[in-house]
Amino acid sequence: MKNRKWLAAIAALVLLELARPAGANPRTAANTSYDPACQGLHVDQISYLTNTKKEAFVATGAAPEGTFELVDATTGASVYTGQLSAQKHDDIAGEDLQTADVTSFNTPGTYKLKVGDRLSYDFEIGDNVYALPTAEIWRSYALMRSGTPIKDPVTGLDVPEGHPQDHHAIVYFTDDNAQKGETRDMSGGWYDAGDYGKYVPTAAITVAQMLMAYEAHPDHFGEGQMQFPEGVTGVPGMPDALAEAKWELNWMRKMQRIDGSCYVKVAGTLWTGAVRPCDDKQDRYIIGTGTFNDAMYGACLALASRVYKPFNETFSKGLLDDAVLAWDYLEVHPDLYFRRDEGQDNGSGNYSTDTDENQRAWLAAELFRTTGDKKYEDYLMTRVRDTMTATTVLYGWGHTQALAQYAYLKSENADPEFRQQVLNAFLTAADEIVQTVKNDGVRSALHEWEYYWASTKVDVTKGDLLLLANEFAPHPEYVECALDQVHYLLGRNALDKSFVTGVGDNPPIHPHNRIMQATGVYIPGVVVGGPNKYEGGDPKQTALVKSGVPIAKSYLDDGASWSTNEYAIDYVASAAFMLSFFSQPQDGLVLPKTDPFPMAE
C-alpha cells in the first residue's frame, strides 16, 4: 500500500476539479465506448488466448439465466452456445454470478458474449492478442520522463523539458556527506505517479520488475518495440525495454552518496495543481536517507549488472561497484535508520518503513546471484534466515522478501538444504494465492481486506508471484491463475472496468495524473490504483465508501480520487511483467492514435 497523499493540499484538489468541464461524466465521455447495457457481463475487454481457460461472469440477480451465446462482434451471428453455471453469490462484489465457459472454442476472431438481450463488450480470441496493450504499457514510461522534451505523434503529447531545476536540486539537510543548501544534478528519471516526485524505493522495485521480465523471457523483447516518441532515444543493439530502464538507472545512480548510502527522493515542498512539469517553477530538493532505501537501491543495481553485462560491460561493472558500495555502507551501519526533517513530506510522498531486514536480504541475494560470493549466502543463512524461510509475503516497495527469495532460488551453487527451505516458503505462498483465486467470484487474487490503496497492483503482483513460482515448480494452475489476473486488470471484474488507460472499451478516462490533466493529452498504458474500501483515502473516495457501495466497486473514475484513480510507476511495472509473459513483439504493430483527454476539453 502506498503511504502517500493522505492530506494533499486543498488548493491542488480545487485545481483538479476546475480542470473538468461542466457536465463531463467519466462514464459518458465522448471518446469512450462505455455502454451501460454491458454492465454485469464481466469479460476481459481485450482478449482471451487460444487453448487457455476462457470464462466470463454474468451478474444475473433474482432471475438466473440458463444459456449464453458467443456471437461474432461484426455480424452478430451466433458461433457458440453454452450452459451457464449454477448461480453463486459473491459477497465482495455484492452480486449473484453465473459462469459462461467458452474454453473449448478456439477460433480466432472478435466476439461478444450474449445473455438474453444483453451483449458484452467485445473481445478477441487469438494467439498473441496482448501484444498491443503490452507495448502501450511499457511505452508509458517514456512519456513520463523528467528532464526530456517530448513530442509524441501517437498521443499528441508535446512538452518541453520537465523540471530543468533538477539540474541544480537543493540538498534539504546537513550531515557528514552533505551541506544544506548546496546543489547537485538530479535531472532525469521518471515522475513517480500523479505527482512530480521522484523516489528511489519505487524506482528500485519498478526497474527490478522490468529487468526480471526481461531475464525470464529475453525473446519477448526487441528494438523498436516501444516506438519511442521524438525526444526519446533508444540504445543501438539494446531492446527498448532495457533502454528505458537504463534511463531510470542513470537517475538512481545520481542519488547515491559518496559513502554508499542513498538519498530517498527529489521533489518540491508544495503539492502542485494540474500544471505541466515545465510550469512547476518551485525549487526542487534532495530529501532523506534511510537504510531500507540504501538496500533497495543496491539490490536493483546488482540485478541490473547481470542484465546489462552482455550489452555494455563497463556500465554493468559500474552498477555492480555501486551495489557493493551500498552493501559495504550497510555492513558498518547494521541498525535501521530513516532520516526525517521537518516539512520534508509537504509536497511529496512519505516513503519509509519500520524494518529494513527484508530489503537487506534482497541486496544480499542479488549480490550472491550476480557474483557467487559465498559471504552473501552466509548473510542470508545466518543474519536473515528467518526472513528467507518464512512464508512469502507479497512484494512491493515496502517489502522485498519475495524478491530476496526468488533471487536466491535462481542462484547457482545455492546450498541445497537451505534452498529447499526457501522454495517451500515460496511455493506455500503460491498455493495460497491459487486457492484465493478459486474461491473468488471473478477469480481475482484479492482477499476482502486487500481492497486498499493500489489494490490493482496487489492483484496483478500476486499473479506475477505465481509466474515466478512456476519457474521452480511448473504447474498449469499457476499460469492459469496468473492469467486470471490479466483478465481482472482488463475488465473482468465487478465494475466491468479496465484499470489501464486506453485499453479496453471501458478504461479509466480521468486518471489522477498531472501531465494528462494539464496538457489535455490522454496517455494509454498507465495502470490506476483500483477499488479502495478504506475510508480516508481521499474525500471523494471516502464519501463513496460511506455510501455503502460493495467493496469491489469502491472505485471512482475521477481525477480528484487519488486513492483509487492515481497511476504509479510500480503499478505499471506489475502489469508490464505480467503481460510480457503472455505476449511477444508483433511485427508491423501500429499504435492507435489517442483522442483528446476529456477532462481538458
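The values are calculated or read from the model by the stated rules, or taken from the named source; none is laboratory data. Note that this is a predicted model, so its numbers are computed, not measured. Neighbour counts are summed over all protein chains in view; Cβ atoms, including those assigned to glycine, are modelled from backbone coordinates with ideal geometry.
Mind checking which residues of the range 507-566 are of a type in the set (S, T, N, Q) and out of contact with any Lys or Arg (no Cβ under 8 Å at 6 or more places or on another chain)? Walk me through it before giving the result.
Going residue by residue through the range 507-566, those that are of a type in the set (S, T, N, Q) are 513, 517, 519, 532, 541-542, 547, 554, 561, 563-565.
Of everything in the range 507-566, those that are of a type in the set (S, T, N, Q) and out of contact with any Lys or Arg (no Cβ under 8 Å at 6 or more places or on another chain) turn out to be Asn513, Gln517, Asn532, Gln541, Thr542, Ser547, Thr564, Asn565.
Only one of these is surrounded by 21 or more Cβ atoms within 10 Å (Cβ to Cβ), modelled with pLDDT under 95, in contact with a Ser or Thr (Cβ under 9 Å, 6 or more places away or on another chain) and over 22 Å from Asp176 (Cβ atoms): Trp247, Trp251, Trp271. Name it. Walk me through it before giving the result.
Numbers: Trp247 fails: modelled with pLDDT under 95; Trp251 fails: modelled with pLDDT under 95.
Exactly one residue qualifies, and that residue is Trp271.
In the list Ile205, Ile258, Ile287, which residue meets the criterion of being outside any helix (DSSP H, G or I), in the same structural domain as Leu363 (by TED's automatic domain parsing), buried (at least 24 other Cβ atoms within 10 Å of the Cβ) and not acidic (Asp, Glu)?
Working: Ile205 fails: outside any helix (DSSP H, G or I); Ile258 fails: buried (at least 24 other Cβ atoms within 10 Å of the Cβ).
Answer to the selection: Ile287.
Looking at the range 112-127, I want the residues that are in a strand (DSSP E or B) and have a partner that is among the acidic types (Asp, Glu) with Cβ atoms under 7 Å, at least 6 apart or on another chain. Which pairs are those?
Every condition considered, the pairs that remain are Lys112/Asp122; Lys114/Glu69; Val115/Glu65; Phe123/Asp44.
Condition check ((1) part of a loop (DSSP other than H, G, I, E, B); (2) touching a helix residue (DSSP H, G or I) at 6+ places or on another chain (Cβ under 8 Å); (3) within 22 Å of Ser316 (Cβ to Cβ)) across all residues:
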{"site": "Val232", "(1), (2), (3)": "yes, yes, no"}
{"site": "Leu242", "(1), (2), (3)": "no, yes, yes"}
{"site": "Lys246", "(1), (2), (3)": "no, yes, yes"}
{"site": "Asn250", "(1), (2), (3)": "no, no, yes"}
{"site": "Arg253", "(1), (2), (3)": "no, yes, yes"}
{"site": "Thr269", "(1), (2), (3)": "yes, no, no"}
{"site": "Asp294", "(1), (2), (3)": "no, yes, yes"}
{"site": "Ala299", "(1), (2), (3)": "no, yes, yes"}
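Select from the range 213-244 the residues that are of a type in the set (Val, Ile, Thr) and in contact with a Ser or Thr (Cβ under 7 Å, 6 or more places away or on another chain) and list them in ascending order.
Scanning the range 213-244 gives a single hit, Val232.
Being in the same structural domain as Arg257 (by TED's automatic domain parsing) and within 29 Å of Val266 (Cβ to Cβ) is the requirement here; does Tyr395 meet it? Even if it seems obvious, please write down each step before you answer.
Values: in the same structural domain as Arg257 (by TED's automatic domain parsing): yes; within 29 Å of Val266 (Cβ to Cβ): yes.
It is true that Tyr395 is in the same structural domain as Arg257 (by TED's automatic domain parsing) and within 29 Å of Val266 (Cβ to Cβ).
Out of Pro164, Pro149, Pro160, Pro153, I need the residue that is touching a Lys or Arg at 6+ places or on another chain (Cβ under 9 Å), surrounded by fewer than 24 Cβ atoms within 10 Å (Cβ to Cβ) and closer than 14 Å to Arg276 by Cβ. Which one? Working first, answer last.
Values: Pro164 fails: touching a Lys or Arg at 6+ places or on another chain (Cβ under 9 Å); Pro149 fails: touching a Lys or Arg at 6+ places or on another chain (Cβ under 9 Å); Pro153 fails: closer than 14 Å to Arg276 by Cβ.
The unique qualifying residue is Pro160.
Could you please find all residues in the range 122-148 being of a type outside the set (D, E, K, R) and in contact with a strand residue (DSSP E or B) (Cβ under 7 Å, 6 or more places away or on another chain)? Give the derivation first.
First, the residues of the range 122-148 that are of a type outside the set (D, E, K, R): 123, 125-126, 128-135, 137-138, 140-144, 146-148.
Residues satisfying the conditions are Phe123, Ile125, Gly126, Val129, Tyr130, Pro133, Ile137, Tyr141, Leu143, Met144, Ser146.
I need a count of the residues in the range 62-76 that are small (Gly, Ala, Ser) and either surrounded by 12 or more Cβ atoms within 10 Å (Cβ to Cβ) or part of a strand (DSSP E or B) (or both).
Going residue by residue through the range 62-76, those that are small (Gly, Ala, Ser) are 62-63, 66, 73, 76.
Next, only the ones that are either surrounded by 12 or more Cβ atoms within 10 Å (Cβ to Cβ) or part of a strand (DSSP E or B) (or both) stay: 73.
Of the residues in the range 62-76, 1 are small (Gly, Ala, Ser) and either surrounded by 12 or more Cβ atoms within 10 Å (Cβ to Cβ) or part of a strand (DSSP E or B) (or both).
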